[in-house]
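The values are calculated or read from the model by the stated rules, or taken from the named source; none is laboratory data. Computed from a predicted structure; not experimentally measured. Neighbour counts are summed over all protein chains in view; Cβ atoms, including those assigned to glycine, are modelled from backbone coordinates with ideal geometry. Remember, those area values only see protein heavy atoms, side chains included, never the ligands or the DNA or RNA. Shrake-Rupley method; radii C 1.70, N 1.55, O 1.52, S 1.80 Å.
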Amino acid sequence: RLSQLILDNKLPGIVDQHHECLVVFEAAEKETKDAHNTLFKNSFEALQNLDKLVTALFDKVNGKFDLLIEENIKKSGEEARKKKEREAAKAKEKAGGKATEAEDKDKKKENK
């Protein structure tokens, strides 16, 4: 009778025939559901990350990745050049002198 309740999932436990005893478990449905939800969420995140990785690898094979790197290098070079120009202008303002138009043109030629 007890084994039938266990098989019908009405009684959480097992019949240990080797030791001739009945082992009844505490009901832990909520913990099990939370564990399953966490497992599914983590699995879904892992699949999303793998999708990003595969997409990046395909882009690299197709040459798109190289173009993106070149664009980023150009942008960072332009930003560095602008930063140097701002620092130079601040330094001149502190010194009290302003550059003439000829000096500005010379600097632009050097930066190019």
Taking the Cα-to-Cβ direction at LEU67 and at ASN49 and moving 7 Å from each Cα, how far apart do the two end points lie in nm?
2.9
Rounded to the nearest 10 Å², what accessible area does THR38 have for a 1.4 Å probe in the complete protein model?
80
